[in-house]
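To keep things clear, I will list the structure first and then write my remarks on it.
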Amino acid sequence: MLALDDVSMNFGGVAALRNVTFAMDEGETLGLIGPNGAGKTTLFNVISGVLTPSAGRLEFAGKPLGKAANWRRARQGIGRTFQIPQPMHELTVRENLMVAQRFGAGRTDGRRIDEILDLLDLTAKQHIDAAHGLALTEQKALEVGKALAVEPRLLMLDEVLGGLETATKRAFGQTLQRVRERYGLTMIVIEHDIETIKTLCPRVVVLNFGELIADGTPDEVFNDARVIRSYTGDSAA
Amino acid sequence: MFELTLQAVYSGLLAGGWYAMVALGLALVFGTMRIINLAHGELVLLAAYVAFEMERSFGLNPIAAIPVALVVVGLTALLVYFLIGRIRHDRELNSLILTFGIAIVLTNVILMTWSADIRSTSVGWFMDGAVIADTLFSMNSEVLFFGAGVALVGGTYWWLNHTWHGRALRAVSSNRNAAMLMGVNPARVEAMSFVVSAVLATVSGVALYTASVVFPALGHGLTIKAFVITVLAGLGSVPGVLLGAVILGVGETMTATFAKPSLQELTGMVIFLLILFLRPSGLFGRKVVGK
Amino acid sequence: MTLNTILRRVAAGIVFSAVAYGGAAQAETFTLGSQVPLTGNLARVGTGMHEGISVAIAMANKELGGKHEFKVSTIDDESNPAKAVAAVEKLASEGVVALTGGYGSNIIGPASEAAAKSDLVYITSGGVAPELTHRDLDTFFRINNSEGYGKAMLGLLKDMGVKKVSVIYSNKEATDAMAKYVEEGLKEAGVEVTTHEFDASTTDFKSIMNKVKLRDRSDAIAMIGYENDYVGILRAASVLKPEAKAIVGVWSLATSQMNTEFHDLVQNVYGTSLLPYPVKFSGDEAVEFSATYKEMFGKEPDYLGQFGYVQTRLLIDAVVAAADKGEVSGKTVAQELRSLKADTLIGDVAFDENGDNPNFSHRMGQHQGDRVEIVWPEKAATAKMNFPAVPW
Amino acid sequence: MTMMRSGLLLGFLAVAYLGVPLLFGGMDYVMSLVIAALTIAGIAVAWALLGNLGGLVSFGHAAFFGVGAYVSALLVMDNGWPVLPAMLAGGLGAAIASVATMPALRLRGPYFALAILAYAHIFKILAVEFSSITGGAGGLLSIPGFPTVFGLDLASKTGAYVLILTIVLAWMAVYHAIRRSTWGLALRAMHDSELATRVVGVPSTHLKAVMLVVSAFMTGVVGAFNAHQISFLDPEYAFSGTWTVLPIAAAIFGGYRTVWGPLMGALVVYLLDQLVFKEIMPSGHQLVFGVLLGAMILLSPQGLMPLLARLGVARPRRETAPQAAAPHATEDGNARA
């Protein structure tokens, strides 16, 4: 489904990603963890085409991604969210999804939008100004909704549970489960909360200083010496 | 052929010294505030007209009129600054429209005050020939203000690099938020950039009045030239402004000499677009143009 | 305020003024319309013409001594053809009897067509393009044309006997046409010509002048532009000192204003000029014109004022003649104009079928010290030309 | 609400197409002013479309106006085209010219604005230089006027009024239709959140490019209209800064984010200027445009229509709170992982 081969990303001499290599199968859900500044969001940016990697190759659904622009990757089936929600300004919640569907999936299908709104518990808010009228949970839900409206095959979630209350977090985690089952998605999830990772992701990849230091089941990974060292002293973990 | 080229380069060089003075004022404000003051050319023109009025009413030599012009232009520049400060939303674009409006107002105020007649100094010395080795020709005023231009650009460069005010200005220019954390008051620094810009506008306006003729419609073209040079130079490069100005000046005179004089304007515009498209960071500066 | 209320007010205003003017006409008051550029890039020349028009009105009223009275209603066309058309239409709706004014052939064209639609005579001195008098408009008249200017410039250059001329001209409408005319005329006379076209925004003419000096090496330099261009060209020439025997310009150059404001710069320079400066009075009309002009505007009259005056004076005479015969209309005023033969400040004027004045031939003046002397044609000359002579 | 709206619209159309000609048809002067105001309105709508939907402020719409005018006039004069198809071709010519300006789309706001201005300068110089085609600085005189269609003489004042009114309304309809479509939604969203729109598949640069072409086409047709109505053209007039300044003033004044704003702005600004300010200060009344632009930017950057709406005169579609200098998200999203 997705394969990264030796991908590196430099920002003016600072290496944000170093020779990252891994592959995912269709339907897999991958947890992406690591301390702050480890390169997780940079990896998302590289996969979704927001950034062009300094070196390395990316392959999606059997085809090289090359230098395809970010909007083209969305059309190829890569949906993503942002850690800080980025609703489309001036549009209502529903219009946000309509735009994503029209351009990302190349079709208009009101029923599917109803369904997404329903799944994410946004139906009541669908005519609210997305940029100014939503609570944090709803903003996060809208992030997921936009990515779903693109009708992706790969969904990349960047801390969609971050900053939420524990109870909300659990409920939202279940929502994500339902979403994945409903649409048969391949997912990559960036998450700090270990419990969430354990319930959502059968496989976990750990980044530290841009380097991939571990890849395995949650149990394997969380017992890995390098991983533990990388988190030592990092209160956010 | 050789003589023609030599003179073209020399004329272009002198013009470039003056262009640099005009452009640096615009570039400085642009650097600190990310605002293109489309009324900058009108400020230059205003200085020229103040010099004219001083000469007509009091028989003052244009050089002696500089302090008076400085007060008038300085106050006008501060008014522009004050108005820009009142923009609430999308300052980058709205300031463009605002200063565009101010430029229209200034042009018409100049027209109503001094009429559409052409004006120039009657002090003969400025127009007398300054000839070097029988091959390079210019007017005294051009040489004088080329010198003044280079000195002012150099002075500004020194000021930016060696004084606290200058450093504060550079700090705001490169990172406004960081500068604020360092205790620099960006509002004061921005006002200061307008004042320095007014000084440059004043001197270049008086230079214009002594070397050429002025009339109310002139301001717009000056702003455009200054902007072309700013883009050519790239953000934050004072030497770049000087070099960009000379490139434009020489490019124009070479076009006039070896192609057609009527294509002179085209040269500037084409250089401008090429730089924007091919090398958006300008020839020397930091990146000025985002994707 | 909605659009409709604005329009309603406008309409009310027009109805009101029409009534007012209707009433005034019975008291033998005629209102002339004047559409001139007072702002925009033709503001300077338009203002000059406007001053001449005002002088003509003042003098005519004095002369007519209450028998008839003339007023002028002026609208600024902002150097814009669309606004010129609107101005003519507005003046027509106000009930003016004829129109005097206009500057720039491209503006006069549509404006005079609008005047024709309202059956109003349109007289001007601001449009010299040949096309203007080939439009089959019965109500269009002009007292000057580009041939008149061109003939004078050519005549002077030919009389000088120069072999090679550099023509430096602005790429604007009137200057471009004039340059082509002069170039052809000179070539026909076997004179070698090089041309240098410059953009109106040019301020530094040293590059061009250097080419004239080093490459052309011509006997004479012909400048076709406007005041700011002349000053720039002359300054460049003063610095570079090309070995020409004469430097000649057209309009806006051999004027009192240029003589006082750019005294040293314009010495020995030629330009088209109707009257010498200071005016050597020949005839009562010129004396009075000059006095009235000075009284009204506090300065010496220039050529723009003279033309504006002459065109308006002719128009007033025609309106009076038509009124005396009983009917003032576009047709009758045009008839009067066409039948008139007048000796004016600008020489003999008589209109042909097309409304052109074939008699029009300009004179060439030369700045000599504090004076502008007429030096061409010989019969009108007030002094001998200084030749060869240049300002530098 | 919808009923009331369509009622209002019908009323407006009746007044515009029947009321105005009946009331003022005989007054050439008034009709000339309204035609000129509508010409400005046509450009203002095109400018607003690019500004609002494309997020691009142009300082050089005169470039498209001039190209449209020249293409149409030359097709009629040199190739014997009928006027109305030639006007469309004029729009097409302007659209093609806009393709030449597309490299400027990569530039950020102020740079785009001034790059387009540079194009206007260049086109003007080219029009002067290619004198064998364009007639050079002397320009084109006696350009043929409009034909008679369905018994209506478009060359008459009333005919020209109906023609330009139709053009302006058609452009407003296009503006409205694009604005309402998902394209319009995406375009409006792009203005403040370009990255967010791109990652859901919106090819933002392409959409901007399309808006540029559409806006240029509209402006070109209006330029062509003007050429045939005034019947003359020269480079200085065709590419005059007036064709940029007035539409911007009109669109900013009326509110360029609304469909009706540019039209209302053009009518109010132009008619006020010509009927009121010109009377008060015969020389230098353009000053008012400057004051107007400045005042609107400072007091109500969304324009007069939203201002009236806020005062309760009309109902806006949806109120969007002005973003008080909200810091924009960084270009690469949240690059700190």
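Residues that are touching a Gly at 6+ places or on another chain (Cβ under 9 Å) and either of a type in the set (D, E, K, R) or touching a residue at least 60 places away in the same chain (Cβ under 8 Å) (or both) within segment A:81-90 comprise A:82, A:83, listed in sequence order. Of the conditions (1) at pLDDT 85 or above; (2) farther than 22 Å from residue D:31 by Cα, residue D:281 satisfies every one except a single condition; which number is it? Just one mismatch for residue D:281, condition (1).
Per the conditions (1) surrounded by fewer than 17 Cβ atoms within 10 Å (Cβ to Cβ); (2) within 22 Å of the chain's Cα centre (by Cα), the sole criterion not satisfied by residue D:105 is (1).
In summary, helices (runs of 4 or more DSSP H) completely within segment B:124-225 and bearing 3 or more residues that are within 14 Å of chain C (Cβ to nearest Cβ) occur at B:124-127, B:140-162, B:186-211. For residue C:285, the conditions (1) part of a loop (DSSP other than H, G, I, E, B); (2) within 18 Å of residue C:380 (Cβ to Cβ) are fulfilled apart from (1). Could you count how many residues in segment B:122-142 are buried (at least 17 other Cβ atoms within 10 Å of the Cβ) and acidic (Asp, Glu)? Number of matching residues: 1.
Here is a yes/no grid of residues against (1) more than 11 Å from the chain's Cα centre (by Cα); (2) crowded, with 24+ Cβ neighbours inside 10 Å:
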residue: B:183; (1), (2): yes, no
residue: B:188; (1), (2): yes, no
residue: B:202; (1), (2): no, yes
residue: B:220; (1), (2): yes, no
residue: B:232; (1), (2): yes, yes
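I'd like to check which strands (runs of 3 or more DSSP E) are fully inside segment C:341-392 and have at least 2 residues that are out of contact with any His (no Cβ under 7 Å at 6 or more places or on another chain) and surrounded by fewer than 18 Cβ atoms within 10 Å (Cβ to Cβ). Break it down into steps so the answer makes sense when it comes.
Numbers: elements: C:341-344, C:347-350, C:364-368, C:371-376.
Ranges flagged: C:341-344, C:347-350.
Considering segment C:132-186, the residues that are of a type in the set (Ser, Thr, Tyr) and within 14 Å of chain D (Cβ to nearest Cβ) include one that is nearest to the chain's Cα centre (by Cα), namely C:146. When segment D:123-159 is filtered for residues that are part of a helix (DSSP H, G or I) and more than 23 Å from residue D:96 (Cα to Cα), the ones remaining, listed by number, are D:137, D:138, D:157, D:158, D:159. Of all residues in segment A:116-161, those that are in contact (Cβ under 8 Å) with a residue 60 or more places away in the chain and over 18 Å from residue D:196 (Cβ atoms) total 3.
Can you tell me which of C:100, C:139 is touching a residue at least 60 places away in the same chain (Cβ under 8 Å) and touching a Leu at 6+ places or on another chain (Cβ under 6 Å)?
Going through C:100, C:139 in turn, just one is touching a residue at least 60 places away in the same chain (Cβ under 8 Å) and touching a Leu at 6+ places or on another chain (Cβ under 6 Å): C:100.
Evaluate the following for residue C:34: is it surrounded by fewer than 19 Cβ atoms within 10 Å (Cβ to Cβ), at pLDDT 90 or above and assigned by TED's automatic domain parsing to the domain that holds residue C:127? Criteria not met by residue C:34. In segment A:198-213, what residues are buried (at least 22 other Cβ atoms within 10 Å of the Cβ) and over 15 Å from residue A:8 (Cα atoms)? Hits for segment A:198-213 are A:200, A:201, A:204, A:205, A:206.
Among the criteria (1) facing chain D (nearest Cβ under 10 Å); (2) farther than 18 Å from residue A:155 by Cβ, the one residue A:114 does not fulfil is (1). Touching a residue at least 40 places away in the same chain (Cβ under 8 Å), part of a loop (DSSP other than H, G, I, E, B) and more than 10 Å from chain D (Cβ to nearest Cβ) - does that describe any residue in segment C:69-80? Scanning segment C:69-80, I find at least one residue that is touching a residue at least 40 places away in the same chain (Cβ under 8 Å), part of a loop (DSSP other than H, G, I, E, B) and more than 10 Å from chain D (Cβ to nearest Cβ), so the answer is yes. Inside segment C:306-340, residues that are under 19 Å from the mean Cα position of the chain (by Cα) and surrounded by fewer than 15 Cβ atoms within 10 Å (Cβ to Cβ) make up a count of 0. Total residues in segment A:138-173 satisfying the condition of being away from chain D (no Cβ under 14 Å) and at pLDDT below 90: the figure is 11.
Restricting attention to segment D:51-80 and to residues that are touching a Ser or Thr at 6+ places or on another chain (Cβ under 8 Å) and over 30 Å from residue D:275 (Cα atoms), the residue that is surrounded by the most Cβ atoms within 10 Å (Cβ to Cβ) turns out to be D:70.
Looking at D:298, D:275, D:307, which one is outside any loop (DSSP other than H, G, I, E, B), over 30 Å from residue D:66 (Cα atoms) and at pLDDT 85 or above?
Numbers: D:275 fails: over 30 Å from residue D:66 (Cα atoms); D:307 fails: at pLDDT 85 or above.
Just a single option satisfies the conditions, and that option is D:298.
Report whether or not residue A:101 is at the interface with another protein chain (Cβ under 10 Å from one of its Cβ atoms) and in contact (Cβ under 8 Å) with a residue 60 or more places away in the chain. Break it down stepwise before answering.
Details: at the interface with another protein chain (Cβ under 10 Å from one of its Cβ atoms): yes; in contact (Cβ under 8 Å) with a residue 60 or more places away in the chain: no.
In short, no.
Suppose we keep only residues that are crowded, with 23+ Cβ neighbours inside 10 Å and aromatic (Phe, Trp, Tyr) within segment C:260-299. Which one would you say is nearest to the other protein chains (Cβ to nearest Cβ)? If we take residues in segment C:260-299 being crowded, with 23+ Cβ neighbours inside 10 Å and aromatic (Phe, Trp, Tyr), then C:262 is nearest to the other protein chains (Cβ to nearest Cβ).
Of the set (1) away from chain D (no Cβ under 14 Å); (2) closer than 14 Å to residue B:195 by Cα, all apply to residue B:65 but (2). No other residue among D:100, D:14, D:89, D:94 is of a type in the set (A, V, I, L, M), within 18 Å of residue D:127 (Cβ to Cβ) and over 18 Å from the mean Cα position of the chain (by Cα) apart from D:100. When only residues in segment A:46-73 that are touching a residue at least 24 places away in the same chain (Cβ under 8 Å) and out of contact with any helix residue (DSSP H, G or I) (no Cβ under 9 Å at 6 or more places or on another chain) count, which is farthest from residue A:2 (Cα to Cα)? The selected residue is A:54. Of all residues assigned to segment C:141-150, at least one qualifies as being farther than 16 Å from residue C:363 by Cα and of a type outside the set (Gly, Ala, Ser).
In segment A:70-87, of all residues being small (Gly, Ala, Ser) and more than 7 Å from chain D (Cβ to nearest Cβ), the one that is nearest to the chain's Cα centre (by Cα) corresponds to A:79. The strands (runs of 3 or more DSSP E) located wholly in segment C:192-258 that include 2 or more residues which are within 12 Å of another protein chain (Cβ to nearest Cβ) occupy C:192-198.
Candidates in segment D:86-109 are the residues that are in contact (Cβ under 8 Å) with a residue 40 or more places away in the chain and within 12 Å of another protein chain (Cβ to nearest Cβ); of these, the one that is nearest to residue D:60 (Cα to Cα) is D:101.
The values are calculated or read from the model by the stated rules, or taken from the named source; none is laboratory data. Everything quoted here is computed from the prediction, not taken from an experiment. In this analysis, Cβ positions are derived from the backbone assuming ideal geometry, glycine residues included, and neighbour counts consider all displayed protein chains.
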